[in-house]
Amino acid sequence: MGLIFLNGTTSSGKTSIASALQEQLARPYCVTGIDDAFAMLPARLHNNRDGFFFDRDERGLVRLNFGPIGLACLKAHHRSVAAIARSGIDLICDEVILSDELRQDWCDVLDGLPTVFVGLHCSLEELERREINRGDRVIGQARGQFAIVHSKMRYDIEVDSSQKPPSQLAAEIIADLPASF
């Protein structure tokens, strides 16, 4: 069993790379991610201070924030990912670490699990271009997450999605995985 943990900003290509990894890895890997945590809450708690909402940080940058129910949901999601991995399922987690508290919670719940942390980097210019082209994102999220997503993270593998296609990045990640994966 193994957990491949992809961390990067919105629009950095995590979901596409996770799909490419599923196609290229010898063993079958399931995928989960932060979007699953968002989907657990009823619609009325989206754009709601108790659930998930957008605001601006002290720098004036857009951030995805969470209230008490949103935070509880995110932490429950962390525990569900760890439980799936502990049950023997190979797993890819598509994640955006939004705060130091959530980073520490991930570290705590994944302690002892065979996990490969992958830092997914992308230039700010490319992130903003993708964000606009997607048409389904709050504009400014990528810029707001850019300085915090990788803060205090230690990665086993780091890739840059600014120019390379997901299939090539997946191959690079696979080439650097431990043999047990």
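Quick check on my filter: what residues within segment 2-30 are within 23 Å of ILE148 (Cα to Cα), small (Gly, Ala, Ser) and assigned to a loop (DSSP other than H, G, I, E, B)?
Hits for segment 2-30 are GLY8, SER11, SER12, GLY13.
Among the residues of segment 106-127, write down those that are crowded, with 18+ Cβ neighbours inside 10 Å and either of a type in the set (Asp, Glu) or assigned to a loop (DSSP other than H, G, I, E, B) (or both).
The one that is crowded, with 18+ Cβ neighbours inside 10 Å and either of a type in the set (Asp, Glu) or assigned to a loop (DSSP other than H, G, I, E, B) (or both): CYS122.
Cβ-Cβ below 8 Å, separation at least six or inter-chain, first residue in segment 113-131 and more than 18 Å from VAL62 (Cβ to Cβ), second surrounded by fewer than 19 Cβ atoms within 10 Å (Cβ to Cβ) and among the basic types (Lys, Arg): which pairs?
LEU113/ARG86; PHE117/ARG154
Within segment 79-97, how many residues are in contact with a helix residue (DSSP H, G or I) (Cβ under 7 Å, 6 or more places away or on another chain) and buried (at least 19 other Cβ atoms within 10 Å of the Cβ)?
8
Failed condition for GLU95, given (1) over 15 Å from the mean Cα position of the chain (by Cα); (2) under 18 Å from GLN22 (Cβ atoms); (3) in contact (Cβ under 8 Å) with a residue 24 or more places away in the chain, with all others met?
Here GLU95 meets the rest and fails (1).
Looking only at residues in segment 31-58 that are assigned to a strand (DSSP E or B) and surrounded by 17 or more Cβ atoms within 10 Å (Cβ to Cβ), which one is farthest from the chain's Cα centre (by Cα)?
Keep residues of segment 31-58 that are assigned to a strand (DSSP E or B), which gives 31-33, 46, 52-56.
Then drop every residue that is not surrounded by 17 or more Cβ atoms within 10 Å (Cβ to Cβ), which leaves 31-33, 52.
Details: VAL31: 11, THR32: 9, GLY33: 6, PHE52: 16 Å.
Filtering segment 31-58 for residues that are assigned to a strand (DSSP E or B) and surrounded by 17 or more Cβ atoms within 10 Å (Cβ to Cβ), the one farthest from the chain's Cα centre (by Cα) comes out as PHE52.
Inside segment 98-123, can you point out the residues that are within 17 Å of the chain's Cα centre (by Cα) and either aliphatic (A, V, I, L, M) or at positive phi (or both)?
Keep residues of segment 98-123 that are within 17 Å of the chain's Cα centre (by Cα), which gives 98-110, 115-123.
LEU98, LEU102, VAL109, LEU110, VAL116, VAL118, LEU120 - these are the residues of segment 98-123 that are within 17 Å of the chain's Cα centre (by Cα) and either aliphatic (A, V, I, L, M) or at positive phi (or both).
Would segment 74-87 turn up any residue that is of a type outside the set (S, T, N, Q), touching a residue at least 24 places away in the same chain (Cβ under 8 Å) and in a loop (DSSP other than H, G, I, E, B)?
no
Starting from residues that are at pLDDT 95 or above and of a type in the set (S, T, N, Q), keep the ones in segment 85-108 and report whichever is nearest to MET153 (Cα to Cα).
My answer is GLN104.
Could you pull out the residue among ARG143, ARG103, ARG134 that is surrounded by 15 or more Cβ atoms within 10 Å (Cβ to Cβ), of a type in the set (Lys, Arg) and out of contact with any Lys or Arg (no Cβ under 7 Å at 6 or more places or on another chain)?
ARG143
Conditions tested, residue by residue: (1) touching a Phe, Trp or Tyr at 6+ places or on another chain (Cβ under 7 Å); (2) at pLDDT 95 or above; (3) aromatic (Phe, Trp, Tyr); (4) farther than 28 Å from GLY112 by Cα.
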| position | (1), (2), (3), (4) |
| --- | --- |
| LEU6 | no, yes, no, no |
| LEU25 | no, yes, no, no |
| TYR29 | no, yes, yes, no |
| ARG44 | no, yes, no, yes |
| ASP50 | no, yes, no, yes |
| LEU71 | no, yes, no, no |
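Every residue, every condition in (1) under 19 Å from LEU110 (Cβ atoms); (2) touching an Asp or Glu at 6+ places or on another chain (Cβ under 8 Å); (3) in contact (Cβ under 8 Å) with a residue 40 or more places away in the chain; (4) hydrophobic (A, V, I, L, M, F, W, C), yes or no:
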| residue | (1), (2), (3), (4) |
| --- | --- |
| GLN24 | no, no, yes, no |
| PRO28 | no, yes, yes, no |
| GLY33 | yes, yes, yes, no |
| ALA37 | yes, no, yes, yes |
| HIS46 | no, no, no, no |
| ASP50 | no, no, no, no |
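The values are calculated or read from the model by the stated rules, or taken from the named source; none is laboratory data. It should be emphasised that the depicted structure is a prediction, and the values quoted were computed from it without experimental measurement. In this analysis, Cβ positions are derived from the backbone assuming ideal geometry, glycine residues included, and neighbour counts consider all displayed protein chains.
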